[in-house]
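All of the numbers you see were taken from the coordinates with simple rules; none came from a lab. Note that the coordinates shown come from a computational prediction; the quantities given were computed from them, not determined experimentally. Every residue, glycine among them, receives a Cβ derived from its backbone with ideal geometry; neighbour counts consider all protein chains shown.
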Amino acid sequence: MDNLRDRVSRVIAQQFHVANERITEAATLEEDLGATSLDRVEVVMSLEDEFKIDISDDQASRLHTVADILACVTASVGKGATTTLTAR
């Protein structure tokens, strides 16, 4: 699980151009990390690429915090996505 969390944090940090220290589970995408609507779309696409999963528009609209993203990715990976939790 820690590796999954690390990979999600790395994707978020790269996408939003923020330091890893700012990425906590309680951090909100817009207020704490400064994400725009375009940033949110791009991070979803990056997460889909990173984990080889699909995130629906409905799921994406409910991603407001880093914890939301972790829960979404964990659930998607747990549904038998064709990825492993090892670093690339």
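Looking at region 47-79 only, could you name the residues that are in contact (Cβ under 8 Å) with a residue 12 or more places away in the chain, of a type in the set (D, E, K, R) and within 14 Å of Glu30 (Cα to Cα)?
Across region 47-79, there are no qualifying residues.
Please enumerate the residues belonging to region 28-45 that are within 12 Å of Ile69 (Cβ to Cβ) and surrounded by fewer than 17 Cβ atoms within 10 Å (Cβ to Cβ). Walk me through how you get there before you give the answer.
Applying the first criterion (within 12 Å of Ile69 (Cβ to Cβ)) to region 28-45 yields 28-29, 33, 35, 40, 43-44.
Scanning region 28-45 gives a single hit, Thr28.
What number of residues within region 27-66 are more than 15 Å from Ser9 (Cα to Cα) and acidic (Asp, Glu)?
Number satisfying all stated conditions: 5.
Considering only residues that are more than 18 Å from Ala75 (Cβ to Cβ) and under 12 Å from the mean Cα position of the chain (by Cα), which ones fall in region 7-23?
Arg10, Ala13, Gln14, Gln15, Phe16, Ile23
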